[in-house]
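Let me begin by presenting the structure, written as structure tokens, before commenting on it.
The values are calculated or read from the model by the stated rules, or taken from the named source; none is laboratory data. From a predicted model like this one, the values you see are computed outputs, not experimental measurements. Virtual Cβ from ideal backbone geometry, glycine too; neighbours counted across all protein chains shown. What goes into the accessible areas is simple: the full protein's heavy atoms, side chains included, and nothing from ligands, DNA or RNA. Shrake-Rupley method; radii C 1.70, N 1.55, O 1.52, S 1.80 Å.
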Amino acid sequence: MNSAARAVRRETSLGLTQAVHRSRALSRAGFAERLFTLAFSGLVYPQIWEDPAVDMEALALTPQDHVVAIASGSCNVLSYLTADLARISAVDLNGAHIALGRLKVAALTRFPDSETYLRFFGRADTADNVAAYDAHIAPHLDAASRAYWETRRLDGRRRIAAFSENIFRHGLLGRFIGTGHRLARLYGCDLSAVLKARNREEQRALFAAHVAPLFEKRLVRWLIRRPASLYGLGIPPAQYTALAKDRPGGMVDVLRHRLERLACDFDLDRNYFAWQAFGRSYAPGSDAALPPYLQPRHFETLRARAGRVSYRQQSMTAFLAGSPDKSADAYVLLDAQDWMSDADLTALWTEITRTARPGARVIFRTAADERCLPGRVPEAILNAWDYAEAESQAAVTRDRSAIYGGFHLYRLRAV
């Protein structure tokens, strides 16, 4: 591992430690927190699990807007470019996510056509992708990102080889979903059978036959009740506790209910989240069942706007602290606040309020069906914002990923 790769790893470790560790190392809670940061230190999300269509509707982006967003796997950051906005500042504590985002932007500007781009990031399962990386991207990639993708894995292959092996089977989430499929097969269930449905009635029937029975199995229920078992979903210990309280049956009931929504509440030919969960791929031959940034009709637009995106390996709070007053119009926090202490939330919203331009909007999700700010962030700060309760509740029902309990939209009050 060269010096650039080591620096990325150091920054990731330090950032996650500051974000997650709240308890003494030798306590049970402290051990759980440190186990989570270890799991979360590499690539977590080859695809992220927030619906960009819902995001863009809530944000109502304009050509003057500067968006500050947590990058994660960059599916949404790049999808926002389909709206004609001024610029996007993407930040993330995880250096692997920054490397993935910069890879996607470099490919937009260097790949010859949309077919190559879709094959690389949408299908991600052919050796031609590695050759395309070497020919078109590697010479133009920044040093830290290139070091990340060209570091050797334990099997001796470079990390970029994941794009020849189905990238969606890699990363913490990809491995977690794969484990779920293997566990289902042990019980005679085929999760991918859901994708054979031709309508929602068949979706519900196939869910009842192949997915719902798993939640009655003793081993599955035991695993779900162990927080460490769900680290693959990116759920830290503090978030697990809040999420488990969201339904009377605890975490088992929560996961069953949300998987049922994912499988049954949206048409499969327009829900790429369902294809990822139950098929570990995108629907073949269906542009509608792709994230916006991968839809060929958007390729030239995204290529022309790729220079509007910048990446920083940094926390949202730190990035905003270094930004001028009244310098941003929209903030995308994903579910990061579920990790935060009251002091962290106050520091974040202090910076958001200081840097917000008139008319600014903030969106975020919570694992549980709850508002995480009242009573935790001082009223003097929250009173600067209006909570769009009706719009937030409606957005939850439209979010095709179906895994979050709450979607929240705040708007800066007019002075």
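Tabulated data
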{"item": "Val377 - accessible surface, heavy atoms, 1.4 Å probe, Å² rounded to 10", "result": "10 Å²"}
{"item": "About the Cα centre, charge dipole magnitude for the stretch 101-163 (Lys/Arg +1, Asp/Glu -1 at Cβ), debye", "result": "260 debye"}
{"item": "Helical contribution to [θ] at 222 nm, DSSP H n ≥ 4, -39,500 (n - 2.57), averaged over the chain, rounded to 500", "result": "-13000 deg cm²/dmol"}
{"item": "Per DSSP, loop trypsin sites (Lys or Arg not before Pro) in the stretch 282-367 with at most 15 further Cβ within 10 Å", "result": "Lys326"}
{"item": "Which of Ser72, Ser315 is most accessible, then next, and so on - probe 1.4 Å", "result": "Ser315, Ser72"}
{"item": "Choice from Ala90, Ala71, Ala380 showing the highest fluctuation, given a GNM over the chain with Cα pairs closer than 10 Å", "result": "Ala380"}
{"item": "Other-chain or far-sequence residues with amide H under 5 Å of Val309's (modelled H)", "result": "Ile88"}
{"item": "Total charge dipole magnitude, the stretch 326-415, about the Cα centre, Cβ charges on Lys, Arg, Asp, Glu only, Debye to nearest 20", "result": "380 debye"}
{"item": "Within the stretch 243-358: Cβ-based charge dipole about Cα centre, in debye rounded to nearest 20 (Lys, Arg +1; Asp, Glu -1)", "result": "340 debye"}
{"item": "Cα-derived Rg to Rh of the stretch 234-357, Kirkwood definition", "result": "1.05"}
{"item": "Accessible surface, per residue, of the chain when the full set of protein chains is kept, probe 1.4 Å, Å²", "result": "43 Å²"}
{"item": "Accessible carbon and sulfur surface of the chain relative to its total accessible area, %, 1.4 Å", "result": "53 percent"}
{"item": "Cα-based equivalent ellipsoid of the stretch 83-155: semi-axis lengths in Å, sorted from largest, via gyration tensor", "result": "20, 18, 11"}
{"item": "Solvent accessible area, Å² - Leu141, 1.4 Å probe, full protein context", "result": "20 Å²"}
{"item": "In Å, descending, principal axis extents of the Cα set of the stretch 133-290", "result": "53, 38, 28"}
{"item": "Taking only Cα atoms of the chain, radius of gyration then Dmax in Å", "result": "20.6, 61"}
{"item": "Choice from Leu255, Leu302, Leu154 with maximal GNM fluctuation in the chain (Cα, 10 Å cutoff)", "result": "Leu154"}
{"item": "Straight-distance crosslink candidates among lysines, where the alpha carbon sits under 27 Å from Lys245 and sequence neighbours closer than 8 are dropped", "result": "Lys217"}
